[in-house]
Amino acid sequence: PPAKPEESVLSTNCKYEKLQKNNCLVFIFLQHWTVFENITDVFILVPALLGLKGNLEMTLASRLSTAVNIGKMDSATEQWKLIACNMALKQMQATVVGFLAAVAAVVLGWIPEGHFRMNHAVLLCSSSVATGFIASLTQGIIMVGVIVGSKKTGINPDNVSTPVAGSLGDLLTLSILAWISQGLYNCLDTRPYMSPLVCAFFLALTPIWIVLSLKHPATKQVLCSGWEPIITAMGISSLGGLILGKTVSDPNFVGMVVFSPVINGIGGNLVAIQTSRISTYLHFHSNPGEVPEELQNCRNPCRIFLGTGLNNKSAQVLLLLVIPGHLIFLFAIHLLKSGHTSLTPIFISIYLAAALLQVSILLCTADWMVHYMWRKGKDPDSFSIPYLTALGDLLGTISNVICQNLSEQWNCWAFSCTQKILCSGQRKVGSTIYCSTPFQMHSGTSMCNVFYW
(Lines give C-alpha, C1' and ligand atoms only; values in the text may rest on other atoms or scores of the structure.)
Protein backbone atom coordinates (compact mmCIF):
# COMPACT_ATOMS: atom_id res chain seq x y z
CA PRO A 1 0.00 0.00 0.00
CA PRO A 2 1.07 3.64 -0.40
CA ALA A 3 3.51 4.93 2.18
CA LYS A 4 2.41 7.42 4.79
CA PRO A 5 2.23 10.90 3.22
CA GLU A 6 3.98 12.58 6.17
CA GLU A 7 7.07 10.45 5.54
CA SER A 8 7.14 9.87 1.80
CA VAL A 9 6.07 13.27 0.47
CA LEU A 10 8.46 15.21 2.70
CA SER A 11 11.35 12.89 1.92
CA THR A 12 11.16 13.67 -1.81
CA ASN A 13 10.41 17.39 -1.51
CA CYS A 14 14.03 18.54 -1.07
CA LYS A 15 15.12 16.77 -4.27
CA TYR A 16 12.13 18.22 -6.13
CA GLU A 17 12.92 21.77 -4.93
CA LYS A 18 16.52 21.52 -6.16
CA LEU A 19 15.34 20.39 -9.60
CA GLN A 20 12.73 23.13 -9.81
CA LYS A 21 15.35 25.74 -8.85
CA ASN A 22 17.46 24.58 -11.81
CA ASN A 23 14.46 25.12 -14.12
CA CYS A 24 14.16 28.71 -12.95
CA LEU A 25 17.90 29.34 -13.50
CA VAL A 26 17.72 27.90 -17.02
CA PHE A 27 14.77 30.12 -17.95
CA ILE A 28 16.60 33.18 -16.59
CA PHE A 29 19.48 32.40 -18.94
CA LEU A 30 17.49 31.39 -22.02
CA GLN A 31 15.07 34.31 -22.20
CA HIS A 32 17.81 36.53 -23.65
CA TRP A 33 18.77 34.20 -26.53
CA THR A 34 18.40 35.63 -30.02
CA VAL A 35 15.55 33.35 -31.09
CA PHE A 36 13.48 34.25 -28.02
CA GLU A 37 14.02 37.96 -28.62
CA ASN A 38 13.36 37.95 -32.38
CA ILE A 39 10.57 35.33 -32.54
CA THR A 40 8.45 36.02 -29.46
CA ASP A 41 5.95 33.35 -30.51
CA VAL A 42 8.44 30.85 -29.08
CA PHE A 43 7.22 32.02 -25.66
CA ILE A 44 3.74 30.75 -26.58
CA LEU A 45 5.28 27.32 -27.11
CA VAL A 46 6.89 27.24 -23.67
CA PRO A 47 3.81 26.50 -21.50
CA ALA A 48 2.39 24.07 -24.09
CA LEU A 49 5.66 22.09 -24.34
CA LEU A 50 6.27 22.25 -20.61
CA GLY A 51 2.68 21.03 -20.31
CA LEU A 52 3.79 17.81 -22.00
CA LYS A 53 5.09 16.77 -18.58
CA GLY A 54 1.49 16.80 -17.40
CA ASN A 55 0.01 15.46 -20.61
CA LEU A 56 2.53 12.66 -21.11
CA GLU A 57 5.36 12.31 -18.58
CA MET A 58 3.30 12.56 -15.39
CA THR A 59 0.54 10.51 -16.97
CA LEU A 60 3.02 7.78 -17.85
CA ALA A 61 4.60 7.97 -14.38
CA SER A 62 1.20 7.80 -12.70
CA ARG A 63 0.00 4.89 -14.90
CA LEU A 64 3.13 2.83 -14.28
CA SER A 65 3.16 3.71 -10.56
CA THR A 66 -0.41 2.49 -10.20
CA ALA A 67 0.49 -0.66 -12.16
CA VAL A 68 3.36 -1.31 -9.73
CA ASN A 69 1.18 -0.74 -6.66
CA ILE A 70 -1.64 -3.06 -7.78
CA GLY A 71 0.72 -5.84 -8.94
CA LYS A 72 0.41 -5.56 -12.73
CA MET A 73 4.20 -5.40 -13.13
CA ASP A 74 5.14 -8.39 -10.97
CA SER A 75 5.87 -10.49 -14.05
CA ALA A 76 9.05 -9.45 -15.88
CA THR A 77 7.55 -10.23 -19.30
CA GLU A 78 4.38 -8.23 -18.63
CA GLN A 79 6.42 -5.44 -17.05
CA TRP A 80 8.63 -4.80 -20.08
CA LYS A 81 5.80 -5.28 -22.56
CA LEU A 82 3.76 -2.67 -20.69
CA ILE A 83 6.74 -0.32 -20.54
CA ALA A 84 7.60 -0.69 -24.25
CA CYS A 85 4.02 -0.10 -25.41
CA ASN A 86 3.63 2.89 -23.10
CA MET A 87 6.86 4.39 -24.41
CA ALA A 88 5.71 3.96 -28.03
CA LEU A 89 2.37 5.52 -27.18
CA LYS A 90 4.08 8.46 -25.51
CA GLN A 91 6.38 9.12 -28.47
CA MET A 92 3.43 9.19 -30.84
CA GLN A 93 1.49 11.52 -28.54
CA ALA A 94 4.51 13.80 -28.09
CA THR A 95 4.91 14.17 -31.87
CA VAL A 96 1.24 14.95 -32.47
CA VAL A 97 0.85 17.30 -29.51
CA GLY A 98 4.11 19.07 -30.37
CA PHE A 99 2.85 19.72 -33.91
CA LEU A 100 -0.55 20.93 -32.67
CA ALA A 101 1.11 23.19 -30.08
CA ALA A 102 3.16 24.81 -32.85
CA VAL A 103 0.06 25.35 -34.98
CA ALA A 104 -1.69 26.95 -31.99
CA ALA A 105 1.34 29.18 -31.33
CA VAL A 106 1.40 30.31 -34.98
CA VAL A 107 -2.32 31.09 -34.98
CA LEU A 108 -2.34 32.82 -31.58
CA GLY A 109 0.70 34.87 -32.58
CA TRP A 110 -0.65 35.76 -36.02
CA ILE A 111 -4.21 36.84 -35.08
CA PRO A 112 -3.28 39.83 -32.84
CA GLU A 113 -0.44 41.04 -35.10
CA GLY A 114 -1.99 40.31 -38.51
CA HIS A 115 1.45 39.43 -39.87
CA PHE A 116 2.40 35.92 -40.99
CA ARG A 117 5.92 34.71 -41.84
CA MET A 118 6.14 31.21 -43.30
CA ASN A 119 9.76 30.59 -42.33
CA HIS A 120 9.02 31.45 -38.70
CA ALA A 121 5.95 29.21 -38.73
CA VAL A 122 7.95 26.24 -40.10
CA LEU A 123 10.69 26.92 -37.53
CA LEU A 124 8.13 26.84 -34.72
CA CYS A 125 6.68 23.53 -36.00
CA SER A 126 10.09 21.92 -36.36
CA SER A 127 11.31 23.14 -32.98
CA SER A 128 8.13 22.02 -31.24
CA VAL A 129 7.96 18.54 -32.82
CA ALA A 130 11.68 17.83 -32.33
CA THR A 131 11.63 19.13 -28.74
CA GLY A 132 8.55 17.12 -27.85
CA PHE A 133 9.98 13.91 -29.32
CA ILE A 134 13.51 14.16 -27.87
CA ALA A 135 12.41 15.43 -24.47
CA SER A 136 9.69 12.78 -24.22
CA LEU A 137 12.09 9.96 -25.12
CA THR A 138 14.73 11.13 -22.64
CA GLN A 139 12.26 11.64 -19.81
CA GLY A 140 10.52 8.34 -20.55
CA ILE A 141 13.78 6.42 -20.15
CA ILE A 142 14.48 8.24 -16.88
CA MET A 143 10.96 7.59 -15.63
CA VAL A 144 11.18 3.88 -16.36
CA GLY A 145 14.44 3.74 -14.42
CA VAL A 146 12.95 5.64 -11.47
CA ILE A 147 9.81 3.48 -11.31
CA VAL A 148 11.60 0.15 -11.71
CA GLY A 149 14.20 1.26 -9.16
CA SER A 150 11.48 2.35 -6.71
CA LYS A 151 9.77 -1.01 -7.16
CA LYS A 152 12.94 -2.91 -6.35
CA THR A 153 13.80 -0.77 -3.30
CA GLY A 154 10.26 -0.82 -1.86
CA ILE A 155 9.62 2.93 -2.29
CA ASN A 156 6.15 4.05 -3.32
CA PRO A 157 6.67 5.37 -6.91
CA ASP A 158 3.63 7.66 -6.56
CA ASN A 159 5.70 9.96 -4.35
CA VAL A 160 8.88 9.89 -6.45
CA SER A 161 8.02 9.51 -10.12
CA THR A 162 5.57 12.38 -10.63
CA PRO A 163 7.66 15.18 -9.04
CA VAL A 164 10.80 13.96 -10.79
CA ALA A 165 8.91 13.74 -14.09
CA GLY A 166 7.63 17.29 -13.70
CA SER A 167 10.88 18.88 -12.60
CA LEU A 168 13.17 17.05 -15.02
CA GLY A 169 10.57 17.63 -17.72
CA ASP A 170 10.78 21.40 -17.35
CA LEU A 171 14.56 21.43 -17.24
CA LEU A 172 15.08 19.15 -20.25
CA THR A 173 12.30 20.65 -22.35
CA LEU A 174 13.47 24.24 -21.84
CA SER A 175 17.05 23.36 -22.68
CA ILE A 176 16.18 21.25 -25.74
CA LEU A 177 13.70 23.85 -27.06
CA ALA A 178 16.29 26.61 -26.76
CA TRP A 179 19.10 24.67 -28.46
CA ILE A 180 16.95 23.35 -31.32
CA SER A 181 15.12 26.61 -32.01
CA GLN A 182 18.37 28.61 -31.85
CA GLY A 183 20.10 26.15 -34.20
CA LEU A 184 17.25 26.23 -36.72
CA TYR A 185 17.08 30.03 -36.43
CA ASN A 186 20.77 30.25 -37.34
CA CYS A 187 20.03 28.12 -40.44
CA LEU A 188 17.10 30.22 -41.69
CA ASP A 189 19.19 32.14 -44.22
CA THR A 190 21.98 29.68 -45.06
CA ARG A 191 20.05 26.36 -45.00
CA PRO A 192 16.31 27.13 -45.25
CA TYR A 193 15.53 23.46 -45.95
CA MET A 194 16.60 22.34 -42.44
CA SER A 195 13.39 23.28 -40.62
CA PRO A 196 10.93 21.44 -42.92
CA LEU A 197 13.30 18.45 -43.12
CA VAL A 198 13.46 18.09 -39.33
CA CYS A 199 9.68 18.36 -39.02
CA ALA A 200 9.05 15.80 -41.79
CA PHE A 201 11.50 13.30 -40.27
CA PHE A 202 9.81 13.15 -36.86
CA LEU A 203 6.30 13.12 -38.36
CA ALA A 204 7.29 10.18 -40.59
CA LEU A 205 8.03 8.05 -37.50
CA THR A 206 4.45 8.35 -36.21
CA PRO A 207 3.04 5.19 -37.94
CA ILE A 208 5.73 3.06 -36.27
CA TRP A 209 4.68 4.22 -32.79
CA ILE A 210 1.00 3.62 -33.61
CA VAL A 211 1.66 -0.01 -34.59
CA LEU A 212 3.67 -0.66 -31.40
CA SER A 213 1.03 1.00 -29.22
CA LEU A 214 -1.67 -1.35 -30.47
CA LYS A 215 0.12 -4.42 -29.12
CA HIS A 216 -1.08 -3.97 -25.50
CA PRO A 217 -4.76 -3.62 -24.43
CA ALA A 218 -4.05 -0.81 -21.95
CA THR A 219 -2.17 1.39 -24.42
CA LYS A 220 -4.60 0.51 -27.22
CA GLN A 221 -7.46 1.90 -25.12
CA VAL A 222 -5.56 5.12 -24.40
CA LEU A 223 -4.61 5.45 -28.08
CA CYS A 224 -8.25 5.25 -29.12
CA SER A 225 -9.93 7.29 -26.38
CA GLY A 226 -7.26 9.29 -24.58
CA TRP A 227 -6.84 12.24 -26.95
CA GLU A 228 -9.50 14.53 -25.51
CA PRO A 229 -7.67 15.46 -22.26
CA ILE A 230 -4.30 15.81 -24.00
CA ILE A 231 -5.49 18.13 -26.76
CA THR A 232 -7.73 20.13 -24.41
CA ALA A 233 -4.87 20.53 -21.94
CA MET A 234 -2.58 21.65 -24.76
CA GLY A 235 -5.12 24.33 -25.69
CA ILE A 236 -5.38 25.53 -22.10
CA SER A 237 -1.59 25.71 -21.80
CA SER A 238 -1.39 27.62 -25.10
CA LEU A 239 -3.69 30.29 -23.64
CA GLY A 240 -1.23 30.67 -20.80
CA GLY A 241 1.55 30.88 -23.39
CA LEU A 242 -0.32 33.64 -25.23
CA ILE A 243 -0.53 35.64 -22.00
CA LEU A 244 3.17 35.05 -21.36
CA GLY A 245 4.14 35.97 -24.92
CA LYS A 246 2.18 39.24 -24.85
CA THR A 247 3.40 40.36 -21.43
CA VAL A 248 7.14 39.73 -21.82
CA SER A 249 7.33 42.58 -24.34
CA ASP A 250 5.88 45.01 -21.78
CA PRO A 251 8.64 46.59 -19.64
CA ASN A 252 6.28 46.60 -16.67
CA PHE A 253 5.99 42.80 -16.76
CA VAL A 254 9.48 41.76 -17.84
CA GLY A 255 10.09 40.29 -14.37
CA MET A 256 7.31 37.73 -14.64
CA VAL A 257 9.30 35.55 -17.08
CA VAL A 258 11.56 34.35 -14.27
CA PHE A 259 8.70 33.46 -11.93
CA SER A 260 6.56 31.60 -14.49
CA PRO A 261 8.38 28.23 -14.40
CA VAL A 262 8.45 28.41 -10.60
CA ILE A 263 4.78 29.06 -9.86
CA ASN A 264 3.60 26.86 -12.75
CA GLY A 265 5.96 24.02 -11.93
CA ILE A 266 5.28 23.87 -8.21
CA GLY A 267 1.51 23.90 -8.66
CA GLY A 268 1.56 21.26 -11.40
CA ASN A 269 3.93 18.93 -9.55
CA LEU A 270 2.07 19.07 -6.23
CA VAL A 271 -1.32 18.42 -7.79
CA ALA A 272 0.13 15.53 -9.85
CA ILE A 273 1.41 13.88 -6.66
CA GLN A 274 -2.03 14.16 -5.04
CA THR A 275 -3.79 12.91 -8.18
CA SER A 276 -1.54 9.86 -8.44
CA ARG A 277 -2.05 9.00 -4.76
CA ILE A 278 -5.85 9.29 -4.95
CA SER A 279 -5.89 7.19 -8.13
CA THR A 280 -3.81 4.46 -6.48
CA TYR A 281 -6.13 4.50 -3.47
CA LEU A 282 -9.18 4.04 -5.69
CA HIS A 283 -7.52 1.19 -7.62
CA PHE A 284 -6.84 -0.52 -4.29
CA HIS A 285 -10.28 -0.17 -2.73
CA SER A 286 -12.80 -0.28 -5.59
CA ASN A 287 -13.43 -0.97 -9.24
CA PRO A 288 -13.83 1.66 -12.01
CA GLY A 289 -17.32 3.12 -11.83
CA GLU A 290 -17.62 2.38 -8.10
CA VAL A 291 -16.61 4.80 -5.35
CA PRO A 292 -15.94 3.54 -1.78
CA GLU A 293 -18.75 4.34 0.65
CA GLU A 294 -16.61 6.65 2.79
CA LEU A 295 -15.87 8.78 -0.30
CA GLN A 296 -19.41 9.14 -1.63
CA ASN A 297 -20.18 12.30 0.32
CA CYS A 298 -20.10 15.78 -1.18
CA ARG A 299 -16.58 17.00 -2.01
CA ASN A 300 -16.14 19.80 0.53
CA PRO A 301 -12.94 21.94 0.43
CA CYS A 302 -12.91 22.13 4.24
CA ARG A 303 -13.17 18.34 4.43
CA ILE A 304 -10.30 17.97 1.97
CA PHE A 305 -7.87 20.02 4.07
CA LEU A 306 -9.23 19.26 7.55
CA GLY A 307 -10.15 15.58 7.20
CA THR A 308 -8.27 12.71 8.82
CA GLY A 309 -8.13 10.29 5.88
CA LEU A 310 -4.94 9.21 4.10
CA ASN A 311 -5.52 11.49 1.10
CA ASN A 312 -6.60 14.37 3.36
CA LYS A 313 -3.30 14.21 5.23
CA SER A 314 -1.44 14.14 1.93
CA ALA A 315 -3.27 17.30 0.77
CA GLN A 316 -2.42 19.01 4.07
CA VAL A 317 1.27 18.18 3.75
CA LEU A 318 1.41 19.32 0.12
CA LEU A 319 -0.29 22.62 0.98
CA LEU A 320 2.21 23.22 3.79
CA LEU A 321 5.08 22.80 1.32
CA VAL A 322 3.96 25.71 -0.89
CA ILE A 323 5.27 28.69 1.08
CA PRO A 324 8.66 27.20 2.13
CA GLY A 325 9.25 25.99 -1.43
CA HIS A 326 8.51 29.36 -3.01
CA LEU A 327 10.61 31.20 -0.44
CA ILE A 328 13.62 29.07 -1.41
CA PHE A 329 13.16 29.95 -5.09
CA LEU A 330 12.63 33.65 -4.35
CA PHE A 331 15.82 33.67 -2.30
CA ALA A 332 17.73 32.03 -5.19
CA ILE A 333 16.37 34.62 -7.65
CA HIS A 334 17.36 37.40 -5.24
CA LEU A 335 20.91 36.06 -4.92
CA LEU A 336 21.30 35.87 -8.70
CA LYS A 337 19.78 39.35 -9.15
CA SER A 338 18.03 38.06 -12.26
CA GLY A 339 14.37 38.75 -11.56
CA HIS A 340 14.08 42.30 -13.02
CA THR A 341 11.60 42.81 -10.17
CA SER A 342 12.28 44.18 -6.71
CA LEU A 343 11.52 41.50 -4.13
CA THR A 344 9.82 43.87 -1.74
CA PRO A 345 7.80 42.58 1.24
CA ILE A 346 4.62 43.60 -0.59
CA PHE A 347 5.51 41.63 -3.73
CA ILE A 348 6.56 38.57 -1.72
CA SER A 349 3.32 38.67 0.30
CA ILE A 350 1.13 38.98 -2.81
CA TYR A 351 3.12 36.29 -4.63
CA LEU A 352 2.92 33.78 -1.76
CA ALA A 353 -0.80 34.42 -1.30
CA ALA A 354 -1.39 33.83 -5.02
CA ALA A 355 0.70 30.63 -4.98
CA LEU A 356 -1.17 29.32 -1.93
CA LEU A 357 -4.52 30.08 -3.57
CA GLN A 358 -3.40 28.40 -6.82
CA VAL A 359 -2.38 25.15 -5.10
CA SER A 360 -5.53 25.16 -2.93
CA ILE A 361 -7.72 25.44 -6.03
CA LEU A 362 -5.74 22.71 -7.78
CA LEU A 363 -5.93 20.28 -4.85
CA CYS A 364 -9.69 20.82 -4.49
CA THR A 365 -10.18 20.40 -8.23
CA ALA A 366 -8.05 17.25 -8.20
CA ASP A 367 -10.11 15.69 -5.41
CA TRP A 368 -13.32 16.33 -7.33
CA MET A 369 -12.02 15.46 -10.80
CA VAL A 370 -10.33 12.16 -9.87
CA HIS A 371 -13.46 10.84 -8.19
CA TYR A 372 -15.61 12.12 -11.07
CA MET A 373 -13.45 10.36 -13.67
CA TRP A 374 -13.42 7.19 -11.61
CA ARG A 375 -17.19 7.28 -11.24
CA LYS A 376 -17.47 7.58 -15.05
CA GLY A 377 -15.28 4.50 -15.46
CA LYS A 378 -12.26 6.44 -16.78
CA ASP A 379 -8.71 5.99 -15.54
CA PRO A 380 -7.75 9.16 -13.55
CA ASP A 381 -4.07 8.58 -14.32
CA SER A 382 -4.71 9.20 -18.02
CA PHE A 383 -7.62 11.65 -17.90
CA SER A 384 -7.15 13.88 -14.81
CA ILE A 385 -3.48 14.86 -14.75
CA PRO A 386 -3.42 16.61 -18.19
CA TYR A 387 -6.36 18.83 -17.22
CA LEU A 388 -4.95 19.62 -13.79
CA THR A 389 -1.41 20.49 -14.86
CA ALA A 390 -2.71 22.65 -17.72
CA LEU A 391 -5.04 24.40 -15.28
CA GLY A 392 -2.05 24.90 -12.99
CA ASP A 393 -0.09 26.54 -15.82
CA LEU A 394 -2.96 28.86 -16.70
CA LEU A 395 -3.68 29.82 -13.08
CA GLY A 396 0.03 30.31 -12.44
CA THR A 397 0.49 32.61 -15.43
CA ILE A 398 -2.59 34.67 -14.58
CA SER A 399 -1.55 34.88 -10.92
CA ASN A 400 1.92 35.96 -11.97
CA VAL A 401 0.56 38.82 -14.09
CA ILE A 402 -1.76 39.93 -11.29
CA CYS A 403 1.10 39.84 -8.75
CA GLN A 404 3.35 41.94 -10.97
CA ASN A 405 0.55 44.43 -11.64
CA LEU A 406 -0.51 44.77 -8.00
CA SER A 407 3.09 45.12 -6.88
CA GLU A 408 3.76 47.88 -9.41
CA GLN A 409 0.54 49.68 -8.49
CA TRP A 410 1.47 49.51 -4.81
CA ASN A 411 4.96 50.84 -5.53
CA CYS A 412 3.49 53.71 -7.53
CA TRP A 413 1.06 54.55 -4.77
CA ALA A 414 3.79 54.42 -2.12
CA PHE A 415 6.06 56.49 -4.35
CA SER A 416 3.40 59.12 -4.95
CA CYS A 417 2.91 59.45 -1.19
CA THR A 418 6.65 59.75 -0.63
CA GLN A 419 7.26 62.30 -3.37
CA LYS A 420 4.71 64.69 -1.87
CA ILE A 421 7.08 65.09 1.06
CA LEU A 422 10.42 64.94 -0.76
CA CYS A 423 9.55 66.80 -3.93
CA SER A 424 8.81 70.52 -4.00
CA GLY A 425 7.41 72.39 -6.97
CA GLN A 426 5.94 69.24 -8.50
CA ARG A 427 3.70 69.16 -11.52
CA LYS A 428 1.82 66.12 -12.80
CA VAL A 429 0.67 65.61 -16.39
CA GLY A 430 -1.13 62.30 -16.84
CA SER A 431 1.01 59.60 -15.23
CA THR A 432 4.20 61.70 -15.54
CA ILE A 433 5.50 63.60 -12.50
CA TYR A 434 7.69 66.67 -13.02
CA CYS A 435 9.74 67.66 -9.98
CA SER A 436 11.96 70.70 -9.42
CA THR A 437 14.22 69.01 -6.83
CA PRO A 438 16.04 65.70 -7.28
CA PHE A 439 15.43 62.82 -4.84
CA GLN A 440 15.83 59.06 -4.58
CA MET A 441 13.15 57.26 -6.62
CA HIS A 442 11.61 54.14 -5.09
CA SER A 443 12.96 50.98 -6.75
CA GLY A 444 10.63 48.93 -8.87
CA THR A 445 8.29 51.79 -9.89
CA SER A 446 8.51 51.19 -13.61
CA MET A 447 4.93 52.46 -14.05
CA CYS A 448 5.81 55.82 -12.44
CA ASN A 449 7.59 58.21 -14.79
CA VAL A 450 9.59 61.00 -13.14
CA PHE A 451 11.39 63.89 -14.83
CA TYR A 452 13.16 66.95 -13.42
CA TRP A 453 12.57 70.46 -14.66
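The values are calculated or read from the model by the stated rules, or taken from the named source; none is laboratory data. All of these numbers come straight from a predicted model, not from anything done at the bench. Please note: Cβ atoms are built from the backbone with ideal geometry, for glycine as well, and neighbour counts cover all protein chains shown. For accessibility, only protein heavy atoms count, side chains too; no ligands or nucleic acids. Shrake-Rupley method; radii C 1.70, N 1.55, O 1.52, S 1.80 Å.
In table form, for the structure just shown:
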quantity	calculated
Computed lengthening from residue 221 to residue 74, 0.36 nm per intervening residue step minus Cα-Cα distance	50.8 nm
Probe 1.4 Å - accessible area at residue 117, Å² to nearest ten	110
Unsatisfied cross-links (Cα-Cα over 22 Å) in the set 81/152; 152/220; 151/313	152/220; 151/313
Backbone HN-Hα couplings from phi across the range 233-242 [Karplus 6.51/-1.76/1.60, Hz, Gly and Pro as x]	5, 4, x, 5, 5, 5, 4, x, x, 4
Heavy atoms of residue 387 accessible to a 1.4 Å probe, total area in Å² rounded to 10	40
Cβ-Cβ FRET estimate between residue 376 and residue 303, R0 fixed at 35 Å, reported to 0.05	0.95
Rounded FRET efficiency, nearest 0.05, which uses the C-beta distance separating residue 409 from residue 187 and R0 of 45 Å	0.55
Distance in nm between pseudo-label sites at residue 119 and residue 320 (7 Å out along the Cβ direction from Cα)	5.7
